[in-house]
Amino acid sequence: MAIIDKIPVVGIYGGTFDPIHYGHLRIAEELLDIIGLSRVIFVPSGAPRLRAVPEASKHHRSEMVRLAIQGNSLFSLDEREINRPGMSTTVESLREYRSEWGRNAVLIFIVGIDAFRKINQWHHWRELFDLCHIIVVPRPGYLSVDDHQNLPEEIRTELIARCVLDAKDLKLQTHGAIYTAQTSLLEISATQIRSLISMGRSIRYLLPENVSDYIKINHLYAGKT
Ligand code: ATP
């Protein structure tokens, strides 16, 4: 198949972003380069199905993403999940993206290795491969995706069938592949940031200054563990 040229290659980065931090932003920036993404869309989740209710409201989490991506014309915020009533599922958003971008667009969902290891718990998870590619990014403290032995069997099967070793191969088809990107290992998490705030400690240099100002002004995360 010929390389699909001049068509959008869209990175979709879902998360609770409670709050967004430099781990998310740097990974997205590196993927613009490594994959040649046309853009990255940040999609804050509404009410997540599989994890605890986020500490900050949908509105605050979304505003923090808006502030964090200011000034980067290749990053955008999509509020569809926070505006959707009820539980939010990734597959629902991907179905919408596919119909909005058309069948020729290359859609790539970005996920950290911690989330990928549990992807078989996501609603209609196998349908994701009919809608998009998946890029798995490493995180410190988590086994690499190459460590197949420790992956749930059904994820391992999909990984073996779908993995591509060259980022260029993601542009040979519009969906259905899994690629492990060699992005930087950044030991930053929203949990760590929330915990530092609750202890009254500095969060400087872990996230953009305008986001940390927003957290301060709105008294987010203070007094909680
Ligand atoms: P929490 O600590 O509250 O679980 P988080 O820091 O993992 O939050 P999320 O918003 O839950 O942030 O993450 C959204 C996506 O970004 C997930 O796929 C997650 O694996 C990935 N991610 C988060 N932080 C990093 C990081 N430092 N490096 C690579 N991927 C990351």
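Within the accessible area of region 89-218, what % is carbon and sulfur when the probe is 1.4 Å and the other protein chains stay in place?
Values: 3210 of 6610 Å².
Exposed carbon and sulfur together represent 49 percent of the surface.
For region 86-142, how big is Rg over Rh, using alpha carbon atoms and the Kirkwood form of Rh? Each step should come with its number before you reach the end.
Numbers: Rg = 12.1 Å, Rh = 12.2 Å.
Result for region 86-142 is an Rg/Rh of 1.00.
With a cap of 12 neighbouring Cβ atoms within 10 Å, and only residues DSSP puts in a loop, list the GluC sites (Glu not before Pro) found in region 156-225.
Values: sites: Glu158, Glu187, Glu209; in loops: Glu187.
Listed in order of number, the matching sites are Glu187.
On the first, second and third principal axes, largest extent first, how far apart are the outermost C-alpha atoms of region 9-187 in Å?
Ordered largest first, region 9-187 gives principal extents of 39, 33, 32 Å.
Do the sum for the chain: with -39,500 (n - 2.57) for every DSSP H run of n ≥ 4, divided by all residues, what is the mean residue ellipticity at 222 nm, to the nearest 500 deg cm²/dmol? Don't skip to the end; give the middle numbers.
Details: 9 runs with 78 residues, N = 225.
After summing the helix terms and dividing by residue count, I get -9500 deg cm²/dmol.
By how many degrees, 0 to 90 and rounded to 10, does the Cα axis of helix 58-69 deviate from the longest principal axis of the chain?
For 58-69 against the chain, the angle is about 70 degrees.
Could you list the trypsin sites (Lys or Arg not before Pro) in region 126-204 that lie in coil according to DSSP, counting only those with at most 11 other Cβ atoms within 10 Å of their Cβ?
Numbers: sites: Arg126, Arg156, Arg162, Lys168, Lys171, Arg194, Arg201, Arg204; in loops: Arg201.
Sites meeting the loop and neighbour criteria: Arg201.
Relative to the first principal axis of the alpha-carbon coordinates of the chain, what is the inclination of helix 153-162, with its axis defined by its Cα atoms, in degrees from 0 to 90 and to the nearest 10?
Helix 153-162 sits at roughly 60 degrees to that axis.
So what is the accessible area of region 9-187 per residue, in Å², with the probe set to 1.4 Å? The partial results should precede the final answer.
Numbers: 8020 Å² over 179 residues.
Computed with neighbouring chains in place, this is 45 Å² per residue.
Which aspartates and glutamates does Lys118 reach when only Cα atoms under 17 Å apart count, and residues fewer than 8 places away in its own chain are ignored?
Here the aspartates and glutamates satisfying the reach criterion relative to Lys118 are Glu127, Asp146, Asp147, Glu153, Glu154, Glu158.
Charges on Cβ only, +1 for Lys and Arg, -1 for Asp and Glu, centred on the Cα centroid of the chain; of Val164, Tyr13, Ser212, which one is farthest towards the dipole's positive end?
Ser212
Counting Lys and Arg as +1 and Asp and Glu as -1, each charge on the Cβ, what is the dipole of the chain about the Cα centre in debye, to the nearest 20?
Details: 26 positive and 26 negative charges, 92 e Å.
Taking the Cα centre of the chain as origin, the dipole is about 440 debye.
Just for the Cα atoms in region 72-112, what are the lengths along the principal axes, largest first, rounded to whole Å?
Extents along the principal axes: 30, 27, 22 Å.
The values are calculated or read from the model by the stated rules, or taken from the named source; none is laboratory data. Fair warning: this is a prediction, and the values are worked out from it, not measured in the lab. Because the Cβ atoms are built from the backbone with ideal geometry, glycine has one as well, and the counts that use them run over all protein chains shown. Accessible surface is based on the protein model in full, side chains and every heavy atom, while ligands, DNA and RNA are left aside. Shrake-Rupley method; radii C 1.70, N 1.55, O 1.52, S 1.80 Å.
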